[in-house]
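In what follows, a single structure is set out as C-alpha cells and then discussed.
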Amino acid sequence: MPKKLALLTSAETAELLGVSQSTLSRLVTTGRLRPALRAPGKAGACFFRPSDVQRFIERRDNAAPAEHKG
C-alpha cells in the first residue's frame, strides 16, 4: 500500500513562515520555495512538504544579516 504524503496547504505554510499568502506566492514564483504538488490550472493550489518548509525556515533564520556601515 502506498505511503500517504503529509503535505501542508498554502495557508498552513504561510502561517508557519509568518508571511501572507501573497508573499508565499512570490516565494514560489521566484523559486525560493518549491511546492511538492501543484493542482492543475493557472491558479492551482500548492501543497508543501513540511521538511521543505522547515529547511526554508532554517536557511532564512541562519542567513547573516547585512552589516550596515555608517
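No lab work stands behind these numbers, since they all come straight from the coordinates. Given the structure is predicted, the values throughout are model-derived calculations rather than measurements. All Cβ positions, glycine included, derive from the backbone under ideal geometry; neighbour counts span all protein chains shown.
What to note about this one:
- Amide H contacts of L33 (H built 1.01 Å from N, under 5 Å, at least 5 apart or other chain): V28
- Translational diffusion of the range 1-52 was estimated from the Stokes-Einstein equation, with Rh taken as the Kirkwood radius over Cα pairs; at 4 °C and 1.567 mPa s the coefficient is 113 µm²/s.
- Net +/- balance of residues flanking V53 in space, Cβ distance below 14 Å, scoring K and R +1, D and E -1: +1
- Computed from phi, the 3J(HN,Hα) profile of the range 12-28 under the Karplus parametrisation 6.51, -1.76, 1.60 (θ = phi - 60°) reads 5, 5, 4, 5, 4, 7, x, 10, 6, 5, 5, 5, 4, 4, 5, 4, 5 Hz, with x in place of Gly and Pro.
- Evaluating 6.51 cos²θ - 1.76 cosθ + 1.60 at θ = phi - 60° for every residue in the range 44-57, the Karplus couplings come out as x, 5, 10, 10, 10, 6, x, 5, 5, 5, 4, 4, 4, 4 Hz, glycine and proline recorded as x.
- For A45, the residues 5 or more places off, or on other chains, whose built amide H falls under 5 Å of its own are A39.
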